[in-house]
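Just below is one structure, and these are the notes that go with it.
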Amino acid sequence: MTQTAPTKPLRPDDEQERFASLDPRTGEVVAHHPVHGEAEVRAAVESGRVAAAFWADLGFDGRKARLDAWRKLLVRRLAEFQALISAETGKSADDARTELALVVDHLHWAARQAPKTLGRRKVKPGMLMYNHAATLEYRPLGVVGVIGPWNYPAFTPMGSIAYALAAGNAVVFKPSEYTPGVGVFLADTFAEAVPEYPVFQVVTGFGETGAALCTSGVDKLAFTGSTSTGRKVMAACAATLTPVLVECGGKDPLIVAEDADVAAAADGAVWGGLFNAGQTCAGVERVYVADAVYDEFVRIVVEKAGKLKPGGEPGADFGPITMPRQVEVIRSHVADALERGGRAVVGGLESIRPPYVGPVVLVDVPEDSTAVTEETFGPTLVVSRVADADEAVRRANSLPYGLGATVFSRNRGEELAAGLRCGMVSVNSVLAYASVPGLPFGGVGDSGFGRIHGEDGLREFAYAHAVTRKRFAAALDPMTYDRGPRTIKHVLRLVKVLYGR
Ligand code: NDP
């Protein structure tokens, strides 16, 4: 593959329009970043194309060596990276550390697994094509655009970035306007491990910068964010037939069956609903509890959640609401639940003290309240009493969302999981699937489509390239005008013998 000289990575000049990323705990400026416009986004994609050729030519082993070097660098600078994530999102030090532990685990897995999943392999040609050798490999697409959210500003986009890079693509990443520094940190550390070409670049700015990336000529666009923005991204990409991966929101249920370990279920519900201030796409938002264990479950949840406090200090149970306008969404959902007969057994409207929201646990909330039907993205739980686990599954499946789910049951866990319409289920723990690099992550319905993580996540950033090679002339060859009438007759006889009975 021929290479031209690398284009310089994007560097803003002094005239560049800039915006500030703020620490949501204090309102202080963390740093200023350029607002990249359409021309700069296109330039990044163009230089990425040259870099993509270099990166693809390195092969799996060459890329793995570079990705391993990057991973080690990230681990060495973990404390600095954690502080930056905490500064831009406000999340507690431990929530940020947990996020980074998952980042490096996925990066390690993607680099190691890529040759096994994507590398050239033989495929059985089948009885009718016995005289051919068949091979299949998955090739990089070229330049992949990644648009990410702020809630897990490293882990979530890295589900696309690490897998796209391991598959041999260059990447242009547009982080959320709330967490641009995290994106820049990722790209700068990558450039230390891969200094030759701008294989992984970051463009910063607002929604318009993301929109420009959709129409910039990227070979695929991987979007993670809200369902409403996901629709816009898909519409923009349709104009140029750019393929999309869309990871959107959720309203994930947790089911507590009659035979559950109730204390473990309550612990899972409280952690799954409240960690990172509930700003987790696959966090627990709805809880359906079988009548037989409902009272005990609520008692433990109230005891545990009632002790937790949000704050800005590193050891706080969870941090602030990162995006100021989300506070009003949380307030409206809690208000809707209370106005319509719901009761707050922990906290209430008074828990909302921007930028912090304390734990809120709601019961007796009607199923058509926005607290049950829409993504709240705050430290709230809606707990509903159901007759049994089967009713819980029916109610869990009643929304257009279908991202993840949790089941607590001693004996029926996998059976109940099988009945859930969603992309991922954890049985007797919360969100475990996100920490297993080999498992694909993604949803159905309004939660989007396509997968990050796992082998599916690697194939998402590659195209299948299939080759057959004729090894010798077949006795019967129906695909030539020289075949004669007897050939088809014999082929049909063979088909009847092989597949007709
Ligand atoms: P948004 O949809 O508001 O934004 C996501 C990204 O899209 C941001 O980088 C944003 O830029 C950008 N963007 C905004 N408008 C456009 C546009 N017209 N074209 C292209 N890009 C655009 O989501 P949030 O950042 O608020 O993230 C929270 C959401 O993400 C929640 O719904 C959550 O459930 C979901 N999420 C889903 C996950 C999953 O894997 N399924 C994982 C994590 C979160 P800017 O910020 O500058 O406006």
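The values are calculated or read from the model by the stated rules, or taken from the named source; none is laboratory data. If you're wondering where the values come from, they're calculated on a predicted model, not measured in any experiment. Here Cβ is always computed from backbone atoms with ideal geometry, including for glycine, and neighbour counts include all displayed protein chains. Protein only, heavy atoms only, side chains kept; ligands, DNA and RNA dropped before computing areas. Shrake-Rupley method; radii C 1.70, N 1.55, O 1.52, S 1.80 Å.
Relative to the current alpha-carbon distance between ALA264 and LYS496, full extension at 0.36 nm per residue lengthens the span by 77.8 nm. The three principal axes of the Cα atoms in the range 1-160 give end-to-end lengths of 70, 38, 26 Å, sorted in falling order. Relative to the longest principal axis of the C-alpha atoms of the chain, give the angle of the C-alpha long axis of helix 291-305, reported between 0 and 90° and rounded to the nearest 10°. Between helix and principal axis, roughly 80 degrees.
On a 0 to 90° scale, report how tilted helix 326-339 is relative to the longest principal axis of the chain, with both axes built from alpha carbons and the result rounded to the nearest 10. That works out to roughly 60 degrees.
Net charge of the neighbourhood of ARG451, taken over other residues with C-beta under 11 Å away and scored Lys/Arg +1, Asp/Glu -1, is -3. For the chain, a crude dipole built from +1 on the beta carbon of Lys and Arg and -1 on the beta carbon of Asp and Glu, taken about the Cα centre, is about 2960 debye to the nearest 20. The average projected area of the range 286-373, computed from the convex hull of its Cα atoms over all directions, is 6.0 nm². Per-residue packing, averaged as other Cβ atoms within 10 Å, sorts the ranges 353-360, 477-484, 463-470 into the order 353-360, 463-470, 477-484, beginning with the highest. Rounded to two decimals, the Cα-based Rg/Rh of the range 168-216, with Kirkwood Rh, is 0.99. Label reach from GLU80 (point 7 Å along Cα→C-beta): in the range 301-341, no amide nitrogen lies under 13 Å. Within the accessible area of the chain, the carbon and sulfur atoms contribute 55%, probe 1.4 Å, all protein chains present.
Sequentially through the range 29-38, phi angles give Karplus couplings (6.51, -1.76, 1.60; θ = phi - 60°) of 6, 7, 6, 9, 9, x, 8, 7, x, 4 Hz, Gly and Pro residues having no value and appearing as x. For the range 365-455, the ratio of Cα radius of gyration to the globular rule of thumb 2.2 N^0.38 Å stands at 1.11. Against the longest alpha carbon principal axis of the chain, how many degrees, from 0 to 90 and to the nearest 10, is the axis of helix 93-118 turned? For 93-118 against the chain, the angle is about 10 degrees. Segment GLU46..ASP364, full-extension length gain: 108.9 nm, with 0.36 nm per residue of separation and the alpha-carbon distance subtracted.
Across all directions, the shadow cast by the convex hull of the range 48-141 built on its C-alpha atoms averages 8.9 square nanometres. Placing a label point 7 Å from the Cα of ARG471 along the Cα-to-Cβ direction, the residues of the range 103-132 whose backbone N falls under 15 Å of that point are 122-132. The DSSP beta bridges internal to the chain are antiparallel in roughly 40% of cases.
Heavy-atom accessible surface of the chain, averaged per residue, reaches 43 Å², computed with a 1.4 Å probe.
All Cα-Cα separations within the chain were binned at 10 Å from zero, giving a P(r) of 4, 18, 26, 22, 15, 8, 4, 2, 0, each value a whole percent of the pairs. Approximating the spin labels as points 7 Å out from Cα along Cα→Cβ, the ASP482-to-GLU303 distance works out to 8.5 nm.
Thinking of the range 344-501 as a set of Cα atoms, what percent of all their pairs are more than 23 Å apart? When every Cα pair of the range 344-501 is considered, 62 percent fall beyond 23 Å.
For a straight C-alpha distance cut-off of 12 angstrom, the aspartates and glutamates reachable from LYS307 (same-chain residues fewer than eight places away being disregarded) are ASP317.
As a ratio to 2.2 N^0.38 Å, the alpha-carbon radius of gyration computed for the range 93-180 takes the value 1.48.
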